[in-house]
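Each reported figure results from applying straightforward, stated rules to the coordinates on display, with no laboratory input. Just so it is clear, the structure is predicted and the values come from calculations on it, not from any experiment. Using ideal geometry, Cβ is built from the backbone for each residue, glycine included, and neighbour counts are taken over all protein chains shown.
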Amino acid sequence: MSFTQPSYLWALLGLLVPIAIHLWSKKEAKTIKIGSVQLLSESKSRQSSSVQLNEWWLLLLRMAIISLITLVMAKPQWKSNVNNSKLTYVIEPELARNENFMARFINLQADQDIRLLQSGLPENHIEYANSQDFRSADYWSLASEMNALKTDSIIVFTHGYAKGLKGARPETNHDINWIVLDSAQTIEKPLLAYQKEKNIALFTANNSPVVSKIATKTIELGDAYQLTSNGDSLQVSSSSSVIIPLIQQSALEVSLVYTDSLSTDKRYIEAALVALSTYLNREIKVESFLDSELLENKEADLMIWLSTKPAPVSARKTLVFKNDSISNTLIIKGEDDDTFYITEKITTENALTGRLTESLLSILDVDEELRELQANADIRSVTEADLETNFIESSSSKTHQASWSLNPYLWIVLLVLLIVERFVAYKRKQ
């Protein structure tokens, strides 16, 4: 037996309190009424100098109550040796949904265990495996959780998605055997569609264990694709379950404020925006103002401030001219995600070397939702060697200490003793 909070055992010194109370406690004197003391003979009075312990049973009960209260605070635990399971299978939930794959585990032995490769490593139950909230696993975080498994060997079946490798390679006290199950086939998954002025642009992810890329094509409504009833999605006619978000792609609005001394920079930026409009097949509206003519802060998708005057605060993205002779990059990131700086006057040379057009495309970030969908559809995989953790061999035996708290039983005994003590005290008038 061990104690979780052994420092509370000092409270056992409280046993001295009931002993002291009982030592100094004296029985109430018994009064005898007599008519006269004339006929009583005189005798030598002798007062006992020793004080006897009063009410042995009551004393023992109170000492037991104090002892039990102390033990409850110290939280005793009973430990015993429990054998480890010989083998634990950890299976990715996506594989656990596959009946053909799970058929190989029908004849599972009594000393073997199956768990799911997700947070908490729960035992394999159909409600966990079919959970719609499952997301791509963080393999190395889950490998660290496997340290708590009481098993001699661990085998992990997984697709080994590359997006599941996050952070630093962990250290584990189990030599984990990773088995990566991949497929050579390429999966095409429609991601979303943009409604343009004259047509619809459909973006599709072409994913395989080796590569992930996005293809785009122009489609028309008809037999292959139809609008849903609310008009905000496309439905593939060959599969009623495939619904593709349809986004009304409006023109990008750019507000460009400049001063005369930076009018050349303004022309370079306008030319880069025209090139982007052609590349994206999307209209980009540019409204230009002299800093002396700007009457109000006009909200736009991007505000470009080519002036030495302080730039106004904007809720949207802002590109500000801020000369920085130390920087070797034409456009740098600012203090937050929506602020950027042009570090020098734009020329033909630095517009090319500094990738002005690419930088503006990155700032506009027109494909944010598309990239998120692609990341979710990414099935690129890694090898078993990539998944291996840093195994630190432990000298522990093939048994482990299982602990059971004794507090629930102590509370029951304490309650019984309190009832008995009150009953005895009432009868003894103590």
> For Ser325 and Thr347, what does the FRET efficiency come to when R0 = 22 Å and r is the distance between their Cβ atoms, rounded to the nearest 0.05?
Replying inline: 0.90
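How much length is gained on full extension from Glu197 to Trp78, taking 0.36 nm per residue of separation minus their Cα-Cα distance?
On the way: separation 119, 0.36 × 119 = 42.84 nm, distance 7.44 nm.
Using 0.36 nm per residue and subtracting the Cα-Cα distance, I get 35.4 nm.
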> Simple spin-label model, 7 Å along Cα-to-Cβ: Leu60 to Ser263 in nm?
Replying inline: 10.9 nm
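Using 0.36 nm per residue of separation minus the Cα-Cα distance, give me the extension gain between Ile106 and Glu369 in nm, one decimal.
Details: separation 263, 0.36 × 263 = 94.68 nm, distance 4.23 nm.
Roughly 90.5 nm would be gained on extension.
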> Counting alpha carbon pairs within less than 8 Å and at least 6 residues apart, what relative contact order, in whole percent, applies to region 147-272?
Replying inline: 16 percent
>> Modelling each spin label as a point 7 Å along the Cα-to-Cβ direction, I'd like the Leu227/Lys285 distance in nm, to one decimal.
In response: 2.2 nm
> Taking the simple approach of a point 7 Å from Cα along Cα-to-Cβ for both Ala148 and Ser2, what is their distance in nm?
Replying inline: 1.7 nm
